[in-house]
Every structure is written in structure tokens, then in C-alpha cells.
Amino acid sequence: MSDSSPVSPVAPVLDVWCDLQCPDCRTALEDVRALRARYGDRLELRLRHFPLEKNKHAFAAAQAAEEAAEQGKGWDYVEAVLGRVEELGRKGEPFLVEVAGELGLDAEEFDTALIDGRHILIVDADQAEGKAIGVTGTPTYVIDGERLDGGKSQEGLRERVEEIADRLLAARGA
């Protein structure tokens with residue numbers, strides 16, 4: 001899922017591999033918000049889905065995030081779900097539809113999307129690509145081909161992402 005803001009063709013890309021039921025991804029949300037605020041449209045921030053098997057509602061949550069993006073509120077939805085990972089763990093798929101309604105999205109369409117699986121291929125493709133490049137846990141950041149694993153420790157990761165982004169932007173004259 002890409003940020004819906006217009007992006008300059010020279011914008012570096014930061015892929016954030018995420019599991020929407022992962023407490024570490026919730027913790028990383030502060031860094032993601034800070035990066036979005038600092039760089040705006042100068043950095044393309046893409047949510048990439050990497051639902052972990054241990055989180056039984058993560059795959060459905062990834063599909064729901066894609067539906068939210070289709071309805072124009074992808075990042076709002078991601079932030080709302082990540083902010084309440086325990087509730088997702090307790091309530092499951094009904095919680096995903098509930099959050100959609102809270103954000104003013106078409107909750108009925110969410111429910112249908114989760115039933116008909118229209119976003120499964122996107123989630124599967126992200127997960128396969130993640131595995132192919134060595135993602136093993138979440139959150140994992142990839143910028144300019146460098147993989148930064150936030151699942152073990154997030155200490156210093158935002159600073160490292162900023163160093164790389166600043167270098168890339170300087171090289172592009174942005």
C-alpha cells in the first residue's frame with residue numbers, strides 16, 4: 001500500500017514490512033509518523049504486508065488495509081488497527097470491520113472484501129517478495145536496497161533511515 005500523496009518521480013522509496021497484529025509494528029508507528037512528517041512527498045513510504053503465522057488475524061488485517069487504501073484511507077486505517085493490536089487479537093475480523101466504520105469507510109464493503117478475498121493476491125505477493133529479500137520478522141525497513149530489521153530492536157533505526165534518505169535526496173538534488 002502506497003501513501004496516497006503525490007510523489008515526485010525522484011523520491012526514494014522506503015518499504016515498511018509490517019504485520020498489523022504485531023506489537024513491535026505498533027511501537028514503530030511513532031517512527032513511521034515522524035518520517036512521514038519530516039519528508040512528506042519527498043520520500044515514498046510504502047506499507048508492505050508481512051503477516052506472521054503466529055498472529056492469526058494478521059492476514060485478514062493486511063487485506064483490510066488494502067481495502068482501506070482502495071477507499072482512500074489506507075494509512076489512517078493502518079494506524080487505527082496498529083494502535084489497538086490487542087483488541088484485534090481478541091475480536092478478530094469483526095474488529096477490522098468495526099474500525100472501518102469508525103473511520104467513515106464503507107464497512108459493508110469491508111466485510112465483503114474479507115469474504116471474497118479480493119486483496120489476497122496483493123498480500124501474498126508482498127509476503128513472497130519479503131521472503132525473497134530476507135524479511136523474517138516485523139517491522140523491517142528497506143531503503144535503497146538496505147534492509148533494517150526492527151523486530152529485534154528499533155533503537156537507532158529511524159536515524160539510520162533518515163541518514164540514507166537524506167543521502168539519496170541530496171544525490172538527487174531534492
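Before we move on, is Ala58 buried (at least 22 other Cβ atoms within 10 Å of the Cβ), of a type in the set (A, V, I, L, M, F, W, C) and in contact with a helix residue (DSSP H, G or I) (Cβ under 8 Å, 6 or more places away or on another chain)?
When the stated conditions are applied, Ala58 does not pass them.
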Exercise for the section: State whether the residues of the range 96-109 include one that is open to solvent by less than 20 Å² (accessible area, probe 1.4 Å), touching a residue at least 24 places away in the same chain (Cβ under 8 Å) and not aliphatic (A, V, I, L, M). Expected result: no
Exercise for the section: Search the range 20-47 for residues that are closer than 26 Å to Leu96 by Cα and touching a residue at least 60 places away in the same chain (Cβ under 8 Å) and pair each with any residue that is in a helix (DSSP H, G or I) and of a type in the set (D, E, K, R) when their beta-carbon atoms are under 6 Å apart and the residues are at least 6 apart or on different chains. Expected result: Asp31/Arg158
Problem - Residue count for the range 12-55, restricted to those that are in a strand (DSSP E or B), open to solvent by 30 Å² or more (accessible area, probe 1.4 Å) and over 20 Å from Ala132 (Cβ atoms) - result: 1
Practice task
Looking for whichever is in contact with a Cys (Cβ under 9 Å, 6 or more places away or on another chain) and either within 28 Å of Arg158 (Cβ to Cβ) or aliphatic (A, V, I, L, M) (or both) here; the options are Arg48, Arg38. Which one fits?
Solution key: Arg48
Fill in the blank from the handout: The number of residues in the range 119-172 that are farther than 15 Å from Cys22 by Cβ, assigned to a loop (DSSP other than H, G, I, E, B), open to solvent by 20 Å² or more (accessible area, probe 1.4 Å) and touching a residue at least 24 places away in the same chain (Cβ under 8 Å) is 2
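The values are calculated or read from the model by the stated rules, or taken from the named source; none is laboratory data. Worth saying up front: this structure is predicted, and the values here are computed from it rather than measured. Every residue, glycine among them, receives a Cβ derived from its backbone with ideal geometry; neighbour counts consider all protein chains shown. Accessible surface is based on the protein model in full, side chains and every heavy atom, while ligands, DNA and RNA are left aside. Shrake-Rupley method; radii C 1.70, N 1.55, O 1.52, S 1.80 Å.
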